[in-house]
Amino acid sequence: MIYVVAFLVVCIGILLFLHFRTKKKMSRQLQYMTEKLKAITATDSAERLLLVTEDQRLRDLLNEINNLLDFHQESMADLARLRISTNRMLSNVSHDLKTPLTVISGYIETIQHDKQFSAQEREVLLGKVQVKVMEVAGLINTFFDLAKLESEDWQLEMERIQLNEICRKAILGYYDTLTSKGFAVHIDLPEESIYIEADPAALTRILENLLSNSIRYGKDGKTVGMTLRQDEENVYIEVWDKGRGIQETDKDRIFERLYTGEDARTSTAQGSGLGLMIAKRLTEQMQGKIHFTSIPNTKTTFTLTFPKPKINDYSKLKKVVRIP
């Protein structure tokens with residue numbers, strides 16, 4: 001009996017010793033992990049926790065901590081990009097508003113103080129003022145669209161629409177601007193009516209953004225066109241120009257928020273860098289796709305692709321889509 005008790009005491013002692021040693025080892029490992037994690041977060045280092053251990057629970061914990069560190073690193077990078085983008089946006093807005101407002105102020109001052117102008121000359125100056133006011137209004141509307149997209153406050157009312165008429169109205173809205181700038185205009189719309197399910201206001205906004213982009217960056221080619229076509233599954237709207245095109249370095253970033261070409265801010269082809277991003281977001285929310293092809297100084301084409309309706313009766317169809 002005494003031997004049994006002694007054996008049990010020895011076993012318990014061994015178990016306690018092993019438990020103490022394991023606990024002490026885990027305590028050292030946890031202390032190392034804590035100190036290392038503090039150092040990584042304090043210096044925003046790209047290091048990760050490395051620890052050799054047989055404890056599966058610790059290995060699982062290490063993996064989760066490293067995943068969290070990866071997420072933190074990506075978030076910090078996104079934040080840095082957003083900060084740069086925001087600073088550029090503020091610079092762009094300041095520049096784009098200041099230029100037309102300065103011109104407007106100059107015209108108004110001339111009209112007020114120069115008494116030698118005839119009534120006809122004053123009308124010409126007032127017309128120029130109106131053009132600049134429309135430029136400012138357009139820029140403000142663009143940033144208002146961005147605010148609605150970012151706040152998820154833009155609702156789409158999907159319904160059956162006839163594309164032929166919407167495309168015709170969109171390009172005719174720019175016809176005077178195009179002809180006054182010496183552009184040749186090519187409109188290729190089929191006589192057969194083509195229908196899709198979309199929000200007419202959003203689709204018009206997309207086409208206006210694409211046309212405005214073609215006018216801005218296609219001025220060297222003096223040609224802008226719009227084509228509407230379809231096949232068995234999809235409907236295609238193409239807006240194209242023969243201007244300077246899109247450089248290879250810009251192709252992967254052309255739809256990014258607030259992105260403009262490298263020379264856009266120093267050339268006469270200035271833009272807010274929002275039009276294509278807004279067009280892409282709206283197109284995708286209407287189950288469409290947008291892509292482009294570009295051969296500089298030859299032809300640049302932006303193509304909207306929408307699936308054909310799967311049902312024939314839209315008489316009662318109308319649904320609201322909230323942009324996420």
**OP:** Order these peptides, 188-198, 235-245, by their mean beta-carbon neighbour count within 10 angstrom, highest first.
**Re:** 235-245, 188-198
Original post:
Within the set Lys251/Lys280; Lys242/Lys289; Lys181/Lys308; Lys98/Lys181; Lys98/Lys219, which residue pairs have Cα atoms separated by over 26 Å?
Top reply: Lys181/Lys308
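So how do 291-300, 174-183 stack up, highest first, on mean other-Cβ count within 10 Å?
Descending packing order for the listed peptides: 291-300, 174-183.
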Subject >> Per-residue SASA entry for Met33, accessible area with 1.4 Å probe, Å² rounded to 10 >> reply: 10 Å²
Subject >> Hull volume in cubic angstrom per residue (convex hull over the Cα atoms of region 168-230) >> reply: 86 Å³
Original post:
What does the accessible area of Ser105 come to, in Å² to the nearest 10, when a probe of 1.4 Å is used?
Top reply: 60 Å²
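Round to a whole number: what % of the accessible area of region 82-226 belongs to carbon and sulfur, probe 1.4 Å?
On the way: 4300 of 8210 Å².
Of the solvent-accessible surface of region 82-226, carbon and sulfur hold 52 percent.
The values are calculated or read from the model by the stated rules, or taken from the named source; none is laboratory data. Computed from a predicted model, the values in this text were never measured in an experiment. Cβ coordinates were reconstructed from backbone atoms using ideal geometry, including for glycine residues, and neighbour counts include every protein chain displayed. Ligands, DNA and RNA are excluded from the accessible area calculation, which covers all protein heavy atoms including side chains. Shrake-Rupley method; radii C 1.70, N 1.55, O 1.52, S 1.80 Å.
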